[in-house]
Amino acid sequence: MEKINLEKYKGIIFDMDGVIYNISEAIEKAVDDSVEKYKMNVKTEEILEELAHLIEEIQNFPVPKILLNSYDLLEVKFLEGLSYFKKLRIAIFLFNQFNKYKDAESSIYKGIDELIRNIYDKKLKLAILTNNKSQYAEDVLEKFNLTKFFDTIIGFNEVSEVKPSPEGILKIMNKWKIKPSETIFIGDMTTDVDAGKSANVKMVCVASGLAKKETLLGHNPDILVDNTEQLIKLFGL
Ligand SMILES: [Mg+2]
């Protein structure tokens with residue numbers, strides 16, 4: 001298996017959800033609740049990817065923006081054929097359930113804290129780039145004692161365009177004064193792969209469960225690994 005030679009790199013940028021923080025369980029439970037409550041004829045595992053994107057998009061929008069964009073946002077396959085108001089009701093219920101489960105059911109991926117510590121010990125700079133609020137990322141890092149390892153946290157409030165725009169990655173490299181060839185970005189969604197590719201950095205994708213491997217491969221990440229265990233092996237630390 002391919003290995004990353006860390007001596008070539010000066011900085012590593014991590015996406016939060018799906019790379020460090022595992023929110024799959026919370027999403028799955030929210031979907032199960034919605035499917036049951038609204039007697040939807042869908043299989044949870046088939047709609048997870050679409051929903052993960054929807055949740056990622058919605059959670060950083062202020063309410064007026066959600067409402068203004070709700071028609072487009074709700075053009076998701078699993079709600080196809082339902083009236084607009086039914087879609088809205090299901091989406092709101094789902095999102096509330098997700099928020100309810102998120103804190104209680106979510107944790108960091110096994111071994112990711114050690115990987116972060118080992119990279120930090122090699123004197124590389126570390127950053128978080130999330131489409132969520134930076135405060136959210138700060139809270140998760142704090143909860144799992146990871147705060148001191150991260151030099152920079154960029155959330156949706158710190159950029160004019162969120163991922164798939166490369167803006168956040170460019171901003172971090174600019175701050176660190178390092179080149180794309182010296183930078184690795186690790187993400188789990190197609191939006192991450194697109195952002196990393198546009199920024200010309202080494203794009204490492206971890207197929208941690210929400211996005212399908214084939215979909216991710218279609219966006220041509222430089223490296224794709226199946227899970228956290230493989231991600232750790234990739235760095236050989
Ligand atoms: Mg993610």
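The values are calculated or read from the model by the stated rules, or taken from the named source; none is laboratory data. Please read these numbers as outputs of a predicted model, since none were measured by experiment. Calculation scope for accessible area: heavy atoms of the full protein, side chains included, ligands and nucleic acids excluded. Shrake-Rupley method; radii C 1.70, N 1.55, O 1.52, S 1.80 Å.
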Counting only DSSP beta bridges with both partners in the chain, the antiparallel fraction in percent, to the nearest 5, comes to 10
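Can you tell me the length gained on complete extension of the stretch ASN145 to ARG117, counting 0.36 nm per residue apart and subtracting the Cα distance?
Values: separation 28, 0.36 × 28 = 10.08 nm, distance 1.06 nm.
Taking ASN145 through ARG117 to full extension adds about 9.0 nm, to one decimal.
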State log₁₀ I(q)/I(0) for segment 24-105 at q = 0.22, 0.27 Å⁻¹ as given by the Debye formula over alpha-carbon point scatterers of equal weight, solvent excluded. -1.09, -1.62
Counting only heavy atoms of protein chains, what accessible area per residue, in Å², does the chain have with a probe of 1.4 Å? 50
So how exposed is THR215, as accessible area in Å² (1.4 Å probe, rounded to 10)? 50
Grab the Cα-Cα distance for SER160 and LYS110, subtract it from 0.36 nm times how many residues apart they are, and report the gain in nm with one decimal. 14.7 nm
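Tell me the relative contact order for the chain as a rounded percent, counting alpha carbon contacts under 8 Å between residues six or more apart. Please report the intermediate quantities before stating the final value.
Numbers: 355 pairs, mean separation 66.7, N = 237.
It rounds to 28 percent for the chain.
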C-alpha long axis of helix 84-105 to longest principal axis of the chain, angle in °: 50
Within straight cross-link reach of LYS65, meaning Cα distance under 18 Å, which aspartates and glutamates are found once same-chain residues fewer than 8 apart are removed? GLU56, GLU57, GLU75, GLU158, GLU161
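Relative contact order for segment 24-105: what is it in percent, counting Cα pairs under 8 Å that are at least 6 residues apart?
Values: 47 pairs, mean separation 42.2, N = 82.
Relative contact order of segment 24-105: 51 percent.
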Nearest 10 degrees, 0 to 90: what angle lies between the long axis of helix 44-58 and the longest principal axis of the chain (Cα atoms)? 70
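Which entries of LYS125/LYS202; LYS8/LYS163; LYS3/LYS148 show an alpha-carbon separation above 23 angstrom in the structure shown? Don't jump to the answer; show the numbers that get you there.
Numbers: LYS125/LYS202 15 Å; LYS8/LYS163 25 Å; LYS3/LYS148 26 Å.
Distance filter (> 23 Å) returns LYS8/LYS163; LYS3/LYS148.
Note the full-extension length gain between ASP103 and ASN220 as 0.36 nm times their separation in residues minus their Cα-Cα distance, in nm to one decimal.
On the way: separation 117, 0.36 × 117 = 42.12 nm, distance 3.25 nm.
Fully extending the segment from ASP103 to ASN220 adds 38.9 nm.
Give the carbon-plus-sulfur fraction of the accessible surface of segment 24-105 in %, rounded to a whole number; probe 1.4 Å, heavy atoms of protein chains only. Could you put the intermediate results ahead of the total?
Numbers: 2500 of 4810 Å².
Answer for segment 24-105: carbon and sulfur cover 52 percent of the accessible area.
Quick one, what does Rg over Rh come out to for segment 65-109 if you take C-alpha atoms and the Kirkwood Rh?
Values: Rg = 12.9 Å, Rh = 11.9 Å.
Using only Cα positions, Rg/Rh for segment 65-109 is 1.09.
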Using only the alpha-carbon atoms of segment 89-237, report the extent along each of the three principal axes, biggest first, to the nearest angstrom. 46, 34, 32
Note down the accessible area of MET40, probe 1.4 Å, to the nearest 10 Å². 30
